[in-house]
């Protein structure tokens, strides 16, 4: 009779162990929630939505979506970026896919409201390797510049993405796509920020 119970007992033990630690990735759910909580109370933040996954079939990832107020200052936006990246780097998200997205609500017409400004950062490549060019200071600088562009008179929306090239393993490239009310706004934008030449378009 003892032999009949030995095998089932062994199976239960193995399954229980795999249910808690066989994904192969460190569990960083608590760290993800702590980062979201810290960002949620920062000046200019309207809403924070963290999405953490750690499973056998979907791998491990942490996506943090932040919506900011219309009144946020460039300096406050920069601090959001620096704090997020710094805390991710300290949180031990090894082998995780990590991204940060910051949105600024659209205004005006229905089409503008449906197309808010957005800045997106992929801190890791598709293999979970940390991109060395997407540093805390660089993300902060990008977000400060992004809000400056969003606030420029006549700008309807600004899309920023780092890296700009999906094949960029270091994350040193940047994509900017700026929708302006008319070509005069575009030329004025270029005069203020020469690096934005050919990065804007006018239209409805």
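The values are calculated or read from the model by the stated rules, or taken from the named source; none is laboratory data. Just so it is clear, the model here is predicted, and its values are computed rather than measured. Ideal geometry is used to build each Cβ from the backbone, glycine not excepted, and the neighbour counts take in all protein chains shown.
Residues checked against (1) touching a helix residue (DSSP H, G or I) at 6+ places or on another chain (Cβ under 8 Å); (2) touching a residue at least 60 places away in the same chain (Cβ under 8 Å); (3) closer than 22 Å to residue 71 by Cα; (4) assigned to a helix (DSSP H, G or I):
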{"position": "156", "(1), (2), (3), (4)": "yes, no, yes, no"}
{"position": "160", "(1), (2), (3), (4)": "yes, no, yes, no"}
{"position": "165", "(1), (2), (3), (4)": "no, no, no, no"}
{"position": "204", "(1), (2), (3), (4)": "yes, yes, no, no"}
Q: Within the range 188-199, identify whether any single residue is touching a helix residue (DSSP H, G or I) at 6+ places or on another chain (Cβ under 9 Å), under 28 Å from residue 33 (Cα atoms) and not in a helix (DSSP H, G or I), and answer yes or no.
A: no
Q: Consider only pairs whose beta carbons are under 6 Å apart and that are at least six residues apart or on different chains; among these, list those whose first residue lies in the range 171-198 and is within 13 Å of residue 154 (Cβ to Cβ) and whose second residue is exposed (fewer than 15 other Cβ atoms within 10 Å of the Cβ).
A: 180/154; 181/154; 185/154; 190/197
Q: Could you identify the single residue in 117, 61, 109 that is closer than 28 Å to residue 204 by Cβ and modelled with pLDDT of 95 or more?
A: 117
(Q) If I filter the range 126-147 for residues that are over 18 Å from residue 176 (Cα atoms), buried (at least 16 other Cβ atoms within 10 Å of the Cβ) and at pLDDT below 95, do I get at least one hit? (A) yes
Q: Within the range 167-187, track down each residue that is in contact with a helix residue (DSSP H, G or I) (Cβ under 9 Å, 6 or more places away or on another chain) and surrounded by fewer than 17 Cβ atoms within 10 Å (Cβ to Cβ).
A: 172
Q. Between a first residue in the range 123-148 that is in contact (Cβ under 8 Å) with a residue 12 or more places away in the chain and at positive phi and a second residue that is part of a loop (DSSP other than H, G, I, E, B) and buried (at least 21 other Cβ atoms within 10 Å of the Cβ), which pairs have beta carbons less than 7 Å apart while being 6 or more apart in sequence or on different chains?
A. 128/96
